[in-house]
Amino acid sequence: MPSFVYVLGCRTKDRYLTYVGWTTDVERRLTQHNAGSGARTTRGRAWVLLHIERLRTRRQAMSREWYLKRDRKFRKLLAQKL
């Protein structure tokens, strides 16, 4: 079953925020984040999808998520496009 790694972005008045996650259904997950039922750190904000990658397995998606969470330079570059 294909899995996806995604990067969400949100702009506050003084900075940009990003969130990295993985899922099998990106649209459903984005809706959950924006409805306040996603991860605790995403509640109360309006998120937009900045980046998505399709991977073959859940294990690959989880590994890629781990890598992207530590790649601050890449996430900062994505956030500047907001």
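The values are calculated or read from the model by the stated rules, or taken from the named source; none is laboratory data. Here the structure is a predicted model, which is why all the values come from computation and not from measurement. Ideal geometry is used to build each Cβ from the backbone, glycine not excepted, and the neighbour counts take in all protein chains shown. The area values use the complete protein model at the heavy-atom level, side chains included, leaving out ligands, DNA and RNA. Shrake-Rupley method; radii C 1.70, N 1.55, O 1.52, S 1.80 Å.
Observations, loosely collected:
- Selection from region 66-82 of residues that are in a loop (DSSP other than H, G, I, E, B), open to solvent by less than 100 Å² (accessible area, probe 1.4 Å) and modelled with pLDDT under 95: LEU82
- If you filter region 1-10 down to residues that are buried (at least 18 other Cβ atoms within 10 Å of the Cβ) and among the aliphatic types (A, V, I, L, M), you find that the one that is farthest from VAL48 (Cα to Cα) is VAL5.
- Annotation: LYS13 fulfils all but one of (1) surrounded by fewer than 16 Cβ atoms within 10 Å (Cβ to Cβ); (2) not in a loop (DSSP other than H, G, I, E, B); the unmet one is (2).
- Top-ranked residue in region 39-65 [being in contact with a strand residue (DSSP E or B) (Cβ under 9 Å, 6 or more places away or on another chain) and without any contact (Cβ under 8 Å) to a residue 12 or more places away in the chain; ranked as nearest to GLY9 (Cα to Cα)]: SER63
- Residue that is assigned to a strand (DSSP E or B) and polar (S, T, N, Q), where the choices are THR18, THR41: THR18
- Region 16-34 - residue that is in contact with a Cys (Cβ under 9 Å, 6 or more places away or on another chain) and among the hydroxyl-bearing types (Ser, Thr, Tyr) and, of those, most open to solvent (accessible area, probe 1.4 Å): TYR16
- Each residue in region 35-60 was checked for being more than 14 Å from SER3 (Cβ to Cβ) and either open to solvent by 70 Å² or more (accessible area, probe 1.4 Å) or within 12 Å of the chain's Cα centre (by Cα) (or both), and 16 of them qualify.
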